[in-house]
Amino acid sequence: MKNKVIFGNWKMNGTNADIKAFLKTVDKKAKNDKVIAGLAVPFTALETAIKKAKNIKIAAENVHWAENGAYTGEVSIPMLQELGVEYVVIGHSERREMFGETDEAVNKKALALLKAGMVPILCCGETLETYENKKTNKFVSDQIKKGFKDISAEDAKKVIIAYEPIWAIGTGKTATPEIAQDVCATIRETLGKVYNKTIAKEIAIQYGGSVKPANIKDLMKQKDIDGALVGGASLIAEDYLELINYNK
Ligand code: 13P
């Protein structure tokens, strides 16, 4: 069995002082042979986080695909690399919904990150309306096809996918393990068609949306769920530790 990949996503939370205090409590307890533990933090906290984290992988929450240029307010890949960042969340539904990030932009970001030797955590997921209209599987499968456009098979294996149904984010409504498994299986099937089954098996697929210590075990038991991307619960040191050590 491959290692589970469990990342927190702090979103727009956490000053440098907060992340420092958090990592002081959790980092030494984050050693786990079966889990790759990570945390996505705001740009301003990356440098502190990288310095303080020994066992936890630190991720950025966004990036621009261009190396530099007139893009006020954006952050480039070389800027992240200078800090030692290796993982970057792209296409989070909050960025898609509130900041107009498209599948095409997500694809450009993924290609640029892979070219730079970094790991994209590529998010996908449907709205409540799409879910209620029973169009989830087609919708998510399209997001994956567009997100992976022009990505070579060799590079595809390095991508982490985060399936996060928008209706389950921050709402306390977790997709049942069965629903989450069903969509993650569809994602793997789509990857199998775009690449092949062997490559599809190697790609880690996380589930995200109201994951907490109480439901992580059942989610992680699912065949096609290889990890989790956790918002709210990852802000609480005790919960974060329970999540990344769910197998202990
Ligand atoms: P919650 O865990 O707060 O529902 O957030 C999920 C998420 O968006 C992680 O990226």
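Could you order Thr72, Thr127 so the one with the most accessible surface comes first? Probe is 1.4 Å.
Thr72, Thr127
Per residue, how many Å² of accessible area does the chain show with a 1.4 Å probe? Don't skip to the answer; put the middle values down first.
Values: 11840 Å² over 248 residues.
Solvent-accessible surface per residue comes out at 48 Å².
Share of Cα-Cα pairs in the chain beyond 29 Å, in percent?
23
For the pairs Lys31/Lys145; Lys34/Lys115; Lys29/Lys145, flag any whose C-alpha to C-alpha distance is greater than 31 Å. All intermediate terms of the calculation are to be shown ahead of the outcome.
Working: Lys31/Lys145 35 Å; Lys34/Lys115 28 Å; Lys29/Lys145 38 Å.
In this structure, Lys31/Lys145; Lys29/Lys145 lie more than 31 Å apart at Cα.
If amide hydrogens are placed 1.01 Å from N in the peptide plane, which non-local residues have theirs closer than 5 Å to the one on Ile90?
Those lying under 5 Å, H to H, from Ile90 are Ile121, Leu122, Cys123.
What percentage of the solvent-accessible surface of the range 1-149, computed with a 1.4 Å probe over protein heavy atoms, is contributed by carbon and sulfur atoms?
Ligands and nucleic acids excluded, carbon and sulfur give 53 percent.
Could you give the Stokes-Einstein D for the range 117-187 in µm² per second, using the C-alpha Kirkwood radius, 25 °C, 0.890 mPa s?
190
Kindly write out, for the range 234-242 in residue order, the coupling ³J(HN,Hα) from the Karplus curve 6.51 cos²θ - 1.76 cosθ + 1.60 (θ = phi - 60°), rounded to whole Hz, with x marking Gly and Pro.
6, 7, 9, 3, 4, 5, 4, 5, 5
Where Lys and Arg each count +1 and Asp and Glu each count -1, what net charge lies around Glu104 among other residues with Cβ under 15 Å from its Cβ?
+3
Of Ile19, Val35, Gly170, which is farthest towards the positive pole of the chain's charge dipole, taken about the Cα centre with +1 and -1 on the beta-carbons of Lys, Arg and Asp, Glu respectively?
Val35
Please report the orientation-averaged projected area of the range 180-248, defined via the convex hull of its C-alpha atoms, in nm². Before the final figure, lay out each step's value.
Numbers: hull surface 18.8 nm².
Reported value for the Cα convex hull: 4.7 nm².
Taking the Cα centre of the range 1-91 as origin and charging only Cβ (+1 Lys, Arg; -1 Asp, Glu), how large is the dipole, in debye to the nearest 20?
720
The values are calculated or read from the model by the stated rules, or taken from the named source; none is laboratory data. Please read these numbers as outputs of a predicted model, since none were measured by experiment. For neighbour counting, all protein chains shown are included, and Cβ atoms are generated from backbone atoms with ideal geometry for every residue, glycine included. Accessible surface areas use protein heavy atoms only, side chains included; no ligands, DNA or RNA. Shrake-Rupley method; radii C 1.70, N 1.55, O 1.52, S 1.80 Å.
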